[in-house]
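All remarks here apply to the structure that follows.
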Amino acid sequence: AAVGGGEGGEALPTIFVVTPTYARPVQKAELVRLSQTLLHVPSLHWLVVEDSAAPTPLVGGLLASSGLSYTHLYAPTPPGKRNRALRWLRETRRPGESGVVYFADDDNTYSLRLFQEMRSTRGVSVWPVGLVGGLRFERPLVEGGRVVGFHTAWKPERPFPLDMAGFAVGLPLLLAHPGARFDPEAERGYLESSLLGGLVTPAQLEPKADNCTQVLVWHTRTEKPKLRQEEQLQREGRGSDPHIEV
């Protein structure tokens, strides 16, 4: 694993942001956008896990020039990527060490306030996610400061009907449960529940974002670029210079 990056903010619990990524035309653009959001967050360590058999120069170069504290990992398959990050945390962090773990996909949109909200996570904290599950937003329902249900329409029977962007885990809790992980065989929509079920019950969730009434993260999607002209030029041997990174 390659490690590098900035210093500072040591008085705050570190937020470990886990970002799985895979090769596609918009990969670098997505990672640049996310990295420049994360630059505004103090005491943060970015764990970028590539879906590949080895680290790529594109991602490695981006991380090296990002100005962030980071670790560059790689693993095949999406659940494998997040579990690879969990393994790194268990191998490198001390039991009881303060910190927060957040799974931030590279195509979502994040308010800086979200990171302020999650910083005080003790167990598992939760908040709404915008533009997800076929709804304007999904969110935990809160009464008396406790989560009592979920506003969701897609597979509401899930034990934890949460999007990956809708929760964070306290590092001490994660380290205290060495068997907690994402189940690679989980049914679609149950990946989050496969991890959270090994850590907490729904009643133990910690609502953030004004009792889960503020949307601070959005499940945005970048349009897939249309590269038909590029493909035509490549067939003619006149494609764009492959040595220029996009």
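The values are calculated or read from the model by the stated rules, or taken from the named source; none is laboratory data. This is a predicted model, so every value here is computed, not measured. Positions of Cβ are backbone-derived with ideal geometry, glycine not excepted, and every protein chain shown enters the neighbour counts.
A compact table of results
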{"read-out": "Filter result for Val41 (of a type outside the set (Lys, Arg), assigned to a loop (DSSP other than H, G, I, E, B) and in contact with a strand residue (DSSP E or B) (Cβ under 9 Å, 6 or more places away or on another chain))", "value": "yes"}
{"read-out": "Looking only at region 165-195, and only at residues there that are surrounded by fewer than 22 Cβ atoms within 10 Å (Cβ to Cβ) and aliphatic (A, V, I, L, M), the one that is farthest from Arg122 (Cα to Cα)", "value": "Ala186"}
{"read-out": "Restricting region 196-223 to residues that are over 14 Å from Asp163 (Cβ atoms) and at pLDDT below 95, the residue that is surrounded by the most Cβ atoms within 10 Å (Cβ to Cβ)", "value": "Thr222"}
{"read-out": "Test: residue in region 18-33 that is crowded, with 20+ Cβ neighbours inside 10 Å and part of a loop (DSSP other than H, G, I, E, B)", "value": "no"}
{"read-out": "Within region 61-111, tally of residues that are farther than 21 Å from Met164 by Cα and either buried (at least 16 other Cβ atoms within 10 Å of the Cβ) or within 15 Å of the chain's Cα centre (by Cα) (or both)", "value": "6"}
{"read-out": "Inter-residue pairs, beta-carbon under 9 Å, first at negative phi and in region 135-158, second among the basic types (Lys, Arg), 6+ apart", "value": "Phe150/Arg139; Phe150/Arg158; His151/Arg139; Thr152/Arg139; Thr152/Arg158"}
{"read-out": "So Pro184, is it of a type outside the set (A, V, I, L, M) and either modelled with pLDDT under 95 or closer than 26 Å to Thr21 by Cβ (or both)", "value": "yes"}
{"read-out": "Filter result for the condition that a residue is without any contact (Cβ under 8 Å) to a residue 60 or more places away in the chain and under 22 Å from the mean Cα position of the chain (by Cα), over Gly197, Gly239", "value": "Gly197"}
